[in-house]
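Chemist: Encoded as structure tokens, here's the structure I'll be asking about.
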Amino acid sequence: METRRVVLRPCDDGDASALFAMYSDEQTMRYWSSTPWTDPAEGLCKVARDREALDSGTAFGLGIEERASGLLIGTCALHAFHHVNRRCEIGYLLSRSHWGRGLMSEALKPLLRHAFDVIGLHRIEADIDPDNVASARLLEALGFRAEGRLRERWLVGGRFSDSQLYGLLASDASPS
């Protein structure tokens, strides 16, 4: 999948160091459901896990490459599929140096179209930390609706955090 500024593609072993740089950054991982990575080998492990999940159909994880530089700048994934109910969850992460430029919105639009038009999903859910205002704005701009809050759902780094749930139905999705 390609847009004007990004290419969505499966990650490969050559992306391991870029993945480690993103997933080890404390500020980037501030609202994630796990602590920042500490071992560079975790990049290769993620590539292997994502490849296996893609091959088995349990998840659809892609890297986000910036077209101009050819650099891996983020990841996005459809995961936690409930095929009978035609729904899944979406997750995404963008390198801090690329925040505020609309790149994640640009990357997620074709992923959402693929989810609804090709995979045939009816519903996509997102689960974010309620303090992550930028992610909430992104989801709302993409047509997701806030649907509720789960208290103290995640234990990350010894601290419990809530989850704000968002949902997007195929009928809500913008054709653009």
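The values are calculated or read from the model by the stated rules, or taken from the named source; none is laboratory data. It should be emphasised that the depicted structure is a prediction, and the values quoted were computed from it without experimental measurement. Counting neighbours? That spans all protein chains shown, and the Cβs are built from the backbone with ideal geometry, glycine included.
Chemist: Take the residues in the range 1-25 that are in a loop (DSSP other than H, G, I, E, B) and of a type in the set (Ser, Thr, Tyr), then tell me which one is farthest from residue 66 (Cα to Cα).
Modeler: 24
Chemist: When you scan the range 150-157, do you find a residue that is within 21 Å of residue 81 (Cα to Cα), of a type in the set (A, V, I, L, M), at pLDDT 95 or above and part of a loop (DSSP other than H, G, I, E, B), even just one?
Modeler: No, there is no match, as no residue in the range 150-157 is within 21 Å of residue 81 (Cα to Cα), of a type in the set (A, V, I, L, M), at pLDDT 95 or above and part of a loop (DSSP other than H, G, I, E, B).
Chemist: Can you confirm whether residue 125 is among the acidic types (Asp, Glu), under 17 Å from the mean Cα position of the chain (by Cα) and either more than 21 Å from residue 2 (Cα to Cα) or outside any strand (DSSP E or B) (or both)?
Modeler: The answer is yes for residue 125.
Chemist: Provide a single number: the residues in the range 50-68 that are surrounded by fewer than 18 Cβ atoms within 10 Å (Cβ to Cβ), free of Cβ contacts under 8 Å to residues at least 60 places away in the same chain and within 15 Å of residue 9 (Cα to Cα).
Modeler: Counting residues in the range 50-68 that are surrounded by fewer than 18 Cβ atoms within 10 Å (Cβ to Cβ), free of Cβ contacts under 8 Å to residues at least 60 places away in the same chain and within 15 Å of residue 9 (Cα to Cα) gives 5.
Chemist: Kindly indicate whether any position in the range 70-79 is under 15 Å from residue 9 (Cα atoms) and exposed (fewer than 14 other Cβ atoms within 10 Å of the Cβ).
Modeler: yes
Chemist: Can I ask one more? What pairs can you find where one residue is in the range 128-141 and over 17 Å from residue 153 (Cα atoms), the other is surrounded by 12 or more Cβ atoms within 10 Å (Cβ to Cβ) and at pLDDT below 95, and their Cβ atoms are less than 7 Å apart, with a gap of 6+ or different chains?
Modeler: If the second residue must be surrounded by 12 or more Cβ atoms within 10 Å (Cβ to Cβ) and at pLDDT below 95, the pairs left are 135/31.
Chemist: For the range 96-146, which positions are exposed (fewer than 12 other Cβ atoms within 10 Å of the Cβ) and at negative phi?
Modeler: Residues satisfying the conditions are 118, 133, 137.
Chemist: A further question follows. Given the criterion within 16 Å of residue 135 (Cα to Cα) and out of contact with any Leu (no Cβ under 8 Å at 6 or more places or on another chain), identify the matching residue among 30, 67.
Modeler: 30
Chemist: Do you know which residues across the range 32-61 are in contact with a strand residue (DSSP E or B) (Cβ under 7 Å, 6 or more places away or on another chain) and of a type outside the set (A, V, I, L, M, F, W, C)?
Modeler: The answer is 33, 34, 35, 50, 58, 61.
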